[in-house]
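Here's the structure we're looking at; comments come further down.
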Amino acid sequence: MNSHPPDKDSPTCEYDFTQQVGYLLRRAYQRHTEIFLQNSADPQLTSTQFVTLCALCDHGPSSQAELIKATAIDQGTIRGLIERLGKRGLIEVRAAEDDKRKVIVHITGQGRELHQRMVSAALRITELTSRNLNQAERLALSFLLEKMLKGDE
């Protein structure tokens, strides 16, 4: 980073990147990720892995396409994520009964157990992430984030 003062002859930059929505969202997400890692019931579990376990618990056995839709995780990431969760014994991948070329992801008993342990940790993580907001601000934040995402489905 340049520590030199701005040149007197150059125009001043009126764009404060630290006040832009992208910068603020990235900083908030970095803070949330740090809180997640510090408070997770399993230090090896990432937030995207947890979301995948949640989707499997909520929707049951799912194809990769169904997981992508449920979690908003891109295809390249979901493949590696499924592989890592499988190596840990948290999920199993089986061929679909109606189409052997299609794979279906199933949560295992070990995966369900970890999901259950993570739910209380996840609630605490959410609380810690939004601890500086009152209840009305938390509702407004959720509403505004959802509104920003409308049309992206």
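The values are calculated or read from the model by the stated rules, or taken from the named source; none is laboratory data. Please read all numbers here as calculations on a predicted model, not as lab measurements. For neighbour counting, all protein chains shown are included, and Cβ atoms are generated from backbone atoms with ideal geometry for every residue, glycine included.
Given (1) in a loop (DSSP other than H, G, I, E, B); (2) closer than 26 Å to G22 by Cβ; (3) not aliphatic (A, V, I, L, M), where does G76 come up short, assuming only one miss?
(1)
More than 24 Å from E146 (Cβ to Cβ), surrounded by 12 or more Cβ atoms within 10 Å (Cβ to Cβ) and of a type in the set (V, I, T): which single residue out of V119, V51, V93 fits that description? Write out each step before concluding.
Details: V119 fails: more than 24 Å from E146 (Cβ to Cβ); V51 fails: more than 24 Å from E146 (Cβ to Cβ).
It is V93.
What residue, of I68, I104, I35, is at pLDDT 95 or above, outside any loop (DSSP other than H, G, I, E, B) and in contact with a Leu (Cβ under 6 Å, 6 or more places away or on another chain)?
I35
Among (1) farther than 15 Å from D42 by Cβ; (2) without any contact (Cβ under 8 Å) to a residue 40 or more places away in the chain; (3) in contact with an Asp or Glu (Cβ under 9 Å, 6 or more places away or on another chain), which single condition is T108 missing?
(1)
Which of the residues that make up segment 119-138 are out of contact with any Leu (no Cβ under 7 Å at 6 or more places or on another chain), within 22 Å of S47 (Cβ to Cβ) and aliphatic (A, V, I, L, M)?
V119, A121, A122, L123, I125, L128
Would you confirm whether any residue within segment 109-116 is over 19 Å from the mean Cα position of the chain (by Cα), of a type in the set (D, E), surrounded by fewer than 17 Cβ atoms within 10 Å (Cβ to Cβ) and modelled with pLDDT under 95?
So the first thing to find is which residues in segment 109-116 are over 19 Å from the mean Cα position of the chain (by Cα), and the list is 109-110, 113.
Right, trim to of a type in the set (D, E) and you get 113.
Those still in the list that are surrounded by fewer than 17 Cβ atoms within 10 Å (Cβ to Cβ) too: 113.
The next check asks that each one be modelled with pLDDT under 95; those that pass are none.
Taking every residue of segment 109-116 in turn, none turns out to be over 19 Å from the mean Cα position of the chain (by Cα), of a type in the set (D, E), surrounded by fewer than 17 Cβ atoms within 10 Å (Cβ to Cβ) and modelled with pLDDT under 95.
Somewhere in segment 124-138, is a residue part of a loop (DSSP other than H, G, I, E, B), acidic (D, E) and free of Cβ contacts under 8 Å to residues at least 12 places away in the same chain?
no
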